[in-house]
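The block underneath contains the structure these notes are about, expressed in structure tokens.
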Amino acid sequence: MSDFNPYQIAYLCGGPERVAQTALYGLHERRRVRIMRALHRVEVVRREADDPVQAAVLDAVPSTGRVLGRVVADAGASPEVTSVGDALKADGLLRRGLAGGLRPTRAGRALRKRFAADAAPRGPARVAALGPAGMAEARLREVFETPDPKPVRVPPPYGAGSGRSAAVMDDGGAASLYHEGGDTWGGGGGGGGGD
């Protein structure tokens with residue numbers, strides 16, 4: 001297994017999104033990103049990447065943060081992750097499937113079984129081989145294994161122009177304040193609906 005880096009293992013075992021999950025997990029371990037459990041929101045603490053795949057993950061997170069699923073999908077579709085798959089294809093471990101995506105060849109499937117059986121005890125290499133199930137921290141594993149919450153739009157409680165506000169979940173899953181008129185609902189400029 002030492003001939004393969006965690007991103008190659010991740011691509012063979014779970015595809016491009018697993019590569020993004022592995023990089024995101026590595027950034028979380030190094031405390032460069034924060035992943036909020038309740039909203040499944042990823043925020044960058046420090047924009048410092050150790051490799052191009054981590055840089056692609058960080059690029060997928062705007063300064064306001066983004067919901068986990070979108071970060072993983074956007075980073076998984078990045079040229080940096082695509083290049084991991086292309087290299088494995090050139091080595092004969094992946095091939096084009098009927099739908100156009102890359103699929104493991106017989107040799108790739110054999111390696112995938114070996115990676116799962118010989119998974120590291122912890123860290124990004126374990127996540128690469130086993131996916132979120134390989135994460136030691138139960139709360140983090142739960143965030144990766146459950147779907148992102150749906151965006152919720154809460155209209156002003158008393159109609160437009162009432163001078164009230166309501167919490168709104170944006171498309172990235174963050175609570176923000178929807179404000180109509182002069183003062184805020186709930187007082188003090190704060191809003192309900194977020195943590």
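Yes/no matrix, rows are residues, columns are (1) farther than 23 Å from ARG31 by Cβ; (2) in the same structural domain as ASP59 (by TED's automatic domain parsing); (3) crowded, with 17+ Cβ neighbours inside 10 Å:
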residue: PRO79; (1), (2), (3): yes, yes, no
residue: THR82; (1), (2), (3): yes, yes, no
residue: GLY101; (1), (2), (3): yes, yes, no
residue: GLY108; (1), (2), (3): yes, yes, yes
residue: ALA120; (1), (2), (3): no, yes, yes
residue: PRO132; (1), (2), (3): no, yes, yes
residue: GLU137; (1), (2), (3): no, yes, no
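From ARG141, ARG95, grab the single residue that is surrounded by 13 or more Cβ atoms within 10 Å (Cβ to Cβ), in a helix (DSSP H, G or I), of a type in the set (Lys, Arg) and modelled with pLDDT of 95 or more. Walk me through it before giving the result.
On the way: ARG95 fails: in a helix (DSSP H, G or I).
The conditions single out ARG141.
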### Message
I need the full set of residues from segment 21-44 which are crowded, with 24+ Cβ neighbours inside 10 Å, assigned to a strand (DSSP E or B) and touching a residue at least 60 places away in the same chain (Cβ under 8 Å), in order please.
### Response
ARG41
### Task
Output the number of the condition that ARG18 fails; it satisfies all remaining conditions of (1) of a type in the set (Lys, Arg); (2) part of a helix (DSSP H, G or I); (3) in contact with a strand residue (DSSP E or B) (Cβ under 6 Å, 6 or more places away or on another chain).
(3)
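Can you tell which of ARG141, ARG103, ARG112 is within 18 Å of ALA87 (Cβ to Cβ) and without any contact (Cβ under 8 Å) to a residue 12 or more places away in the chain? Show your work before the answer.
Numbers: ARG141 fails: within 18 Å of ALA87 (Cβ to Cβ); ARG112 fails: without any contact (Cβ under 8 Å) to a residue 12 or more places away in the chain.
Exactly one residue qualifies, and that residue is ARG103.
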### Message
Please go through segment 116-130 and give me each residue that is modelled with pLDDT of 95 or more and under 8 Å from CYS13 (Cβ atoms), ordered by number.
### Response
ALA128, ALA129, LEU130
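The values are calculated or read from the model by the stated rules, or taken from the named source; none is laboratory data. It should be emphasised that the depicted structure is a prediction, and the values quoted were computed from it without experimental measurement. In this analysis, Cβ positions are derived from the backbone assuming ideal geometry, glycine residues included, and neighbour counts consider all displayed protein chains.
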